[in-house]
Amino acid sequence: MLYKLILNKHLQVALLFLLIQQIIVASSTYFIARLAQSLTQDTISIFYMVLFAVSLLAVYVPAYFCVTNTERAKYDAHKLYNDAFHTVFLGKSYLLSSNELQSTATTTLAQESKYTLETVIDSVFDISALVLNVLFNVLVIAWFLDGSLLLGYAVGIIFASVFVHLRRHALKMAAKTDQQSRLNLTAKLFDSWDNVVISNKHNYTLYNHIVQKSFATAKHNSVKSTSIQHINSSVGMIILMLPVFVVTGFIFNNNWHDAATMAVLIATLPRQIQLLQMCYALVGYHTSIGVLKTMLEGILQILRPVTVNLDSYIQADQIRVKQTGEVFDSTQLPKQGRITLVGNNGVGKSCMLLKLKDCYQEQTYYLPAKHNLYFNYKTDQQHQGSTGQQLIKQIQEIRMDDQSNIVMLDEWDAHLDRHNTQIIDQYLDELAQKKLVIEVRH
């Protein structure tokens, strides 16, 4: 699953062009070193000068394909996550009883998964670029100067990696807390419309207090996580630099009288400084691997929801059929007709509908009291209307297009006037002549 999300075909193509790009970058280092050597012979190689200039321009060709394919990879990853979300949750109507899961899952799908996948894909690409750049260029410079330079980089990277490994737990915990507070803030912001637009003083004051507190918590945890990452990267960079500086000083001391070697050393000095900066970034990414892993685990955890036992919410002996007064028997359903479930608040009438939906799946059509279900009439720009008018259109569409045998409606009359209630009542009576209609009335 993780492999399909991150290393999709477009990212693989981007990494292929990245390899080509970094070979060209390393070749420019080779050409400038050869050019520097020619200067010590009282001449200048036009050949290497031209190749160096061409390499500086040629690098932009594979760069274009890297950028475009990386962007495609991000959208493909988000789409694959969306498809996996559908696979996991499709038909799990019993999960509608968990408002907390609904809020977390939808927030993760709409926002956190996109942010996380884009961050991880960018990081995979950047880490690959840094590794290839450092590896190829160090090999070229070491070939011209001294093989011991490779040892300096190797020792520095090993020591820095050990340091980062020892600090991984603190980084992981900070990242997990940061992600959770960010999800919590996003979930609160999804409630902004009603509280802000309606502007009841009591509701707005309470909502605004909670949101401000969530902002402060998210800010604190984000700064803390970033601070820990930066400190670890800085210390790791110092550890990495020391062996490289020692080996470079050794090479300088042993070859200060060799004009050709000193020319190469001076000519490649800007590239070596750039390599140290890249190593710093690489160590920074090393410290982020645990963070990225935690972020990925966070969005993948949503795809492993716990099972909800609806029976624990249902008092079956307290749910009766209004038409007969008898206890509702969910195991003995007629093929057609109309059943109105009645009972005191909290006996599980809505959960009973969810249980039936989970049991009969596509044989049933379920219309909750509040929903964001898509209907054909909503594609019409003129579909706006009262709650009753929209519900009438929904019932009409269900009558015409739905192929299910059972139609279930949960508190459909909760906010309707008498006129619209009578219209829909008549529609349901007509529908009940062909199908089984099970409803919970307000």
Query raised in the report: Looking at segment 21-79, which of its residues are assigned to a helix (DSSP H, G or I) and of a type in the set (D, E, K, R)?
Result: Arg34, Glu71, Arg72, Lys74, Asp76, Lys79
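Table: residues versus (1) more than 30 Å from Val264 (Cβ to Cβ); (2) modelled with pLDDT of 90 or more; (3) open to solvent by 30 Å² or more (accessible area, probe 1.4 Å).
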{"residue": "Gln22", "(1), (2), (3)": "no, yes, no"}
{"residue": "Ala36", "(1), (2), (3)": "no, no, no"}
{"residue": "Ile44", "(1), (2), (3)": "no, no, yes"}
{"residue": "Val50", "(1), (2), (3)": "no, yes, yes"}
{"residue": "Ala63", "(1), (2), (3)": "no, yes, no"}
{"residue": "Cys66", "(1), (2), (3)": "no, yes, no"}
{"residue": "Thr70", "(1), (2), (3)": "yes, yes, no"}
{"residue": "Asp76", "(1), (2), (3)": "yes, yes, yes"}
Query raised in the report: Hey, any hits in segment 302-312 for a residue that's at pLDDT below 80, surrounded by fewer than 16 Cβ atoms within 10 Å (Cβ to Cβ) and outside any helix (DSSP H, G or I)?
Result: yes
Report summary line: Checked Asn137, Asn133 against criteria (farther than 30 Å from Leu5 by Cα and polar (S, T, N, Q)); the one match is Asn137
Query - Residue in segment 94-116 that is open to solvent by less than 80 Å² (accessible area, probe 1.4 Å), farther than 30 Å from Val308 by Cβ and out of contact with any Cys (no Cβ under 6 Å at 6 or more places or on another chain) present - result: no
Requested in this report: Take Ile266 and decide whether it is in a strand (DSSP E or B), of a type in the set (A, V, I, L, M, F, W, C) and either in contact with a strand residue (DSSP E or B) (Cβ under 9 Å, 6 or more places away or on another chain) or open to solvent by 30 Å² or more (accessible area, probe 1.4 Å) (or both).
Outcome: no
Report task. Output the qualifying pairs, or none if there are none: Cβ atoms under 8 angstrom, residues six or more apart or on different chains, first residue in segment 89-103 and of a type in the set (Lys, Arg), second residue buried (at least 17 other Cβ atoms within 10 Å of the Cβ). Result -> Lys92/Asp358
Report task. Check whether at least one residue in segment 357-372 is out of contact with any strand residue (DSSP E or B) (no Cβ under 6 Å at 6 or more places or on another chain), touching a residue at least 24 places away in the same chain (Cβ under 8 Å) and more than 24 Å from Ser97 (Cα to Cα), and report yes or no. Result -> no
Query raised in the report: Given Ala160, Ala142, Ala187, Ala129, which one is assigned to a helix (DSSP H, G or I), without any contact (Cβ under 8 Å) to a residue 60 or more places away in the chain, of a type in the set (A, V, I, L, M, F, W, C) and open to solvent by less than 40 Å² (accessible area, probe 1.4 Å)?
Result: Ala142
Report summary line: Quick count over segment 13-40, residues being without any contact (Cβ under 8 Å) to a residue 24 or more places away in the chain and over 29 Å from Thr119 (Cα atoms), is 2
Query raised in the report: Taking the condition farther than 30 Å from Gln111 by Cβ, part of a helix (DSSP H, G or I) and either in contact (Cβ under 8 Å) with a residue 12 or more places away in the chain or in contact with a Leu (Cβ under 9 Å, 6 or more places away or on another chain) (or both), does Leu296 pass?
Result: no
Query raised in the report: How do the helices (runs of 4 or more DSSP H) wholly within segment 349-442 filter down when requiring 2 or more residues that are at pLDDT 90 or above and surrounded by 15 or more Cβ atoms within 10 Å (Cβ to Cβ): which remain?
Result: 349-360, 418-431
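The values are calculated or read from the model by the stated rules, or taken from the named source; none is laboratory data. Only a predicted model underlies this, so the values are computations on that prediction, with no experimental measurement involved. Every residue, glycine as well, gets a Cβ built from its backbone with ideal geometry; the counts of neighbours run over all protein chains shown. Note: accessible area is taken over every heavy atom of the protein model, side chains too, but ligands, DNA and RNA are not part of it. Shrake-Rupley method; radii C 1.70, N 1.55, O 1.52, S 1.80 Å.
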